[in-house]
Amino acid sequence: MRRFKVYIIAFVISSSFVKAQDIHFSQYYFSPLSMNPAQTGNFSGDCRISTNYRSQWREIQKAYRTFSLGGDANFYPMNQQTSAGLYFLNDRSGGNLVVNKIFLSGALHKKIAGFNLNVGVQPGVVMKNIDFYAHSFPNQLNWNKGQFDNTLPNYESNVDQRTTYFDLNAGALASLRIRKIETGIGFALFHITKPKETFVANNNRLPVRKLFHLDLKYHHTDKFIINFYSML
């Protein structure tokens, strides 16, 4: 019982510091455009396509499914490397809460004193919707049948089924290669505009999310590279 009380106290204290997190992938380095806008065009080549699929808790019917698709390309106007890309994400939680994100990405790349410097920006639109007909509300209890009937009015007049808002991300990345070893450090800011995200009539706004990431690459050959990643 004493241990149980300690767990409860620790949970209550920690809950005051907990904030919801964005949709993410475990192998985040395979989703470069959602990792850091400065990663747009940060590769050797002319164009790139990346995709991810995540399915969690498949034992639960319609649990969590996330799909992303991104593409970016490099251009060289006046011998200056610039990059542009497009990123799409679809997420379904419980089969009823659906999130769609569409972002444009742009980045500039410059080499100064041996360092590769990258700066990127990412404006986009986020659309969220929830299906009321897949849920039952207290006012939908059919007293004659003793069952809930979601075809009855739910009288939730202050709740919207859809919300759409503009979002803005930005980031920077610096890397240095010495012989076969390449190190890099990146920093990104998400929800810079602190968009209003809510289904109800309140002023709930997303806080700015900060992200640091480090990487280490060993270039064994031009085609065989060993990567180590860390995200904070």
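For this structure, a couple of remarks:
- From the list Lys101, Lys110, the lone residue that is surrounded by fewer than 16 Cβ atoms within 10 Å (Cβ to Cβ) and part of a strand (DSSP E or B) is Lys110.
- Residue that is farthest from Asp22 (Cα to Cα), among those in the range 60-85 that are open to solvent by less than 60 Å² (accessible area, probe 1.4 Å) and not in a strand (DSSP E or B): Gln80
- Across the range 173-232, the qualifying residues are those that are part of a strand (DSSP E or B) and over 23 Å from Leu117 (Cα atoms), and the one among them that is least open to solvent (accessible area, probe 1.4 Å) is Val200.
- Test: residue in the range 114-133 that is small (Gly, Ala, Ser) and over 25 Å from Arg54 (Cα atoms): yes
- Residues satisfying the stated conditions in the range 125-146, i.e. under 30 Å from Thr193 (Cα atoms) and either open to solvent by 50 Å² or more (accessible area, probe 1.4 Å) or polar (S, T, N, Q) (or both): Val125, Met127, Asn129, Asp131
- Subset of the range 86-98 [out of contact with any helix residue (DSSP H, G or I) (no Cβ under 6 Å at 6 or more places or on another chain) and part of a strand (DSSP E or B)]: Leu86, Phe88, Leu89, Asn90, Asp91, Arg92, Ser93, Leu97, Val98
- Members of the range 99-130 found to be under 27 Å from Val159 (Cα atoms) and among the aliphatic types (A, V, I, L, M), listed by number: Val99, Ile102, Val125, Val126, Met127, Ile130
- Residues that are outside any loop (DSSP other than H, G, I, E, B), in contact (Cβ under 8 Å) with a residue 12 or more places away in the chain and surrounded by fewer than 13 Cβ atoms within 10 Å (Cβ to Cβ) occur at least once in the range 42-49.
- Here Asn118 clears all of (1) within 30 Å of Thr66 (Cα to Cα); (2) open to solvent by 50 Å² or more (accessible area, probe 1.4 Å); (3) of a type outside the set (A, V, I, L, M, F, W, C) except the condition numbered (2).
- The condition (being aromatic (Phe, Trp, Tyr) and either free of Cβ contacts under 8 Å to residues at least 24 places away in the same chain or farther than 20 Å from Ala107 by Cβ (or both)) is satisfied by just one residue among Phe190, Phe224: Phe224.
- Asp149 under 29 Å from the mean Cα position of the chain (by Cα) and either in contact (Cβ under 8 Å) with a residue 40 or more places away in the chain or surrounded by fewer than 16 Cβ atoms within 10 Å (Cβ to Cβ) (or both): no
- Within the range 156-168, being surrounded by 11 or more Cβ atoms within 10 Å (Cβ to Cβ) and free of Cβ contacts under 8 Å to residues at least 40 places away in the same chain holds for Glu156, Gln161, Thr163, Thr164.
The values are calculated or read from the model by the stated rules, or taken from the named source; none is laboratory data. Because the structure is a prediction, the values reported are computed rather than measured. Because the Cβ atoms are built from the backbone with ideal geometry, glycine has one as well, and the counts that use them run over all protein chains shown. Just the protein is used for accessible areas: all its heavy atoms, side chains included, with ligands, DNA and RNA removed. Shrake-Rupley method; radii C 1.70, N 1.55, O 1.52, S 1.80 Å.
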